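The values are calculated or read from the model by the stated rules, or taken from the named source; none is laboratory data. The structure displayed is predicted, hence computed values, not measured ones. Reconstructed Cβ throughout: ideal geometry from the backbone, glycine too, with neighbour counts over all protein chains shown.
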Amino acid sequence: MTAEPDPGPESVPLPGSPEPSGEGRPRVTCRMCGRPLRDRQARLWGLGVECREKLALRTAPAPVRREVEQDALPGL
């Protein structure tokens, strides 16, 4: 006589969550253009390859480093 393990409570989706579509992974879209994301890095960033390139062009360049003359700290 073998007893089957108790499966526990049935999984119930949270209120307001989308219905599962049975595809496995949920569909993730680009935050800039709305196209579906397919590769792992795009899904992590939430941006497609083309939109990441556009965003990189729009970012400000790094400021030029300039040496500043200053007095030494006393005691060092």
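A few notes on this one:
- When we screen Pro61, Pro15, Pro20, Pro9 for residues that are surrounded by 10 or more Cβ atoms within 10 Å (Cβ to Cβ) and at pLDDT below 85, the only hit is Pro20.
- Of the residues making up region 49-68, those that are among the β-branched types (Val, Ile, Thr) and not in a helix (DSSP H, G or I) are Thr59, Val64, Val68.
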